[in-house]
1. Using 0.36 nm per residue of separation minus the Cα-Cα distance, give me the extension gain between ALA249 and TYR109 in nm, one decimal.
2. For the chain, what does -39500 (n - 2.57) per DSSP helix run (n ≥ 4), summed and divided by total residues, give at 222 nm, in deg cm²/dmol to the nearest 500?
3. Note down the nm distance, to one decimal, between modelled labels 7 Å out along Cα→Cβ at GLN8 and at ARG220.
4. Determine, for each peptide in 168-174, 205-211, 158-164, the mean count of other beta carbons within 10 angstrom over its residues, then list the peptides with the highest first.
5. Can you give the net charge of the other residues whose Cβ lies under 12 Å from the Cβ of PHE61, counting K and R as +1 and D and E as -1?
6. Over all directions, average the projected area of the Cα convex hull of the chain and note it in nm².
7. For THR122 paired with ARG32, estimate the spin-label separation in nm (one decimal), with each label point 7 Å from Cα along the Cα-to-Cβ line.
8. If you add up the charges near ARG202, with Lys and Arg at +1 and Asp and Glu at -1, over every other residue whose beta carbon is less than 13 angstrom from its beta carbon, what do you get?
Amino acid sequence: MKAQPNTQRTFAVITGAAGGLGRVYSRELARRGYGIVAIDSAATELKELGKQLEAEFAVPFHYYKADLRLEDEIRRVAQQINEHFAVEILVNNVGTGGTRAFEQAEMDYMLDIIRLNVMPVTILTRALLPNLMQRPRAYVLNVGSLSAFTPNGYKTVYPASKSFVHFLSRGLYFELRQTPVHVAVVHPGPMPTNPEIRSRIRKQGRLARWALSDPEKTVRVSLNKMFRGKSLIFIDWPNRINWMLARIAPESVLARFMTRVVRRELEKE
Ligand SMILES: NC(=O)c1ccc[n+]([C@@H]2O[C@H](COP(=O)([O-])OP(=O)(O)OC[C@H]3O[C@@H](n4cnc5c(N)ncnc54)[C@H](OP(=O)(O)O)[C@@H]3O)[C@@H](O)[C@H]2O)c1
């Protein structure tokens, strides 16, 4: 979509904006009056989201269709955003995961997780930082996962990628503390955002259900906490207890237990 320069209003940029959690972030930020710049690979859903948000909240909506696994596409979109929009909020939401035996996983399955979970958050944050710095107060919200804190057989690459998101976010928060840009990371538990994840949660049984996070609540609470200046964000008590457990329980016990839970999920396929 061809964007017109818009320097009057500030915008929230959301990756993976057309579906799942990203769609909820787009909606909630539009409800709060932000202009929306949505990035996703799903063009039809992006257009439909734009129509909804413009009709319901009367905010400007622009979108970029891009495959965020590709460095050139991320750079292209970042450059265009910098040319056209005053950005106040960047939500690095896009991400993917899955459950597979490492030995049997196709190389691209693993590389796609690394590309999508690691590259856009790094490149977009770096590229949009000078833009964000021009606001009196600006925010970067990165979407991690509770799995960032526990090594897990059969998931392997996903928790490793979310550990990256966690450490990137925490380092950047401390580096930028004295600047206008506040960096926060939120770590949700499993969320029934799409049919594949719903089926995975069902197969993992009671444990996954206990740790479950509600997407609407995750978005609302994470934005409220971010605006209040929190930098490490958990949504509710089960969410926080999971994190504390991952910090105090011996890694060998927890990782073995989680690997067993996830293997059960694979056996049900
Ligand atoms: N859901 C959970 O259980 C859970 C738990 C903890 C953390 N998280 C994190 O929360 C974030 C959002 O997860 P979600 O479950 O909402 O994700 P999702 O439903 O799988 O995807 C959200 C959006 O990202 C888009 N997308 C996928 N690949 C893309 C690509 N290569 N380039 C551009 N856009 C792409 C999807 O488009 P398509 O529909 O066309 O693929 C979809 O519109 C991720 O970072 C995830 O790791 C999720």
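1. Residue separation times 0.36 nm, minus the Cα-Cα distance, leaves 47.3 nm.
2. Result for the chain, helices only: -17500 deg cm²/dmol.
3. 3.2
4. 158-164, 168-174, 205-211
5. So the surrounding residues net to +1.
6. Average of the hull's projected areas for the chain equals 13.9 nm².
7. According to this spin-label approximation, the distance is 2.8 nm.
8. +4
The numbers here are math on the coordinates, done by the rules we state, and not lab data. Since the structure is predicted, the reported quantities are computational estimates derived from the model, not experimental observations. Don't worry about glycine lacking a Cβ; one is built from the backbone with ideal geometry, like all the others, and counts go over all protein chains shown.
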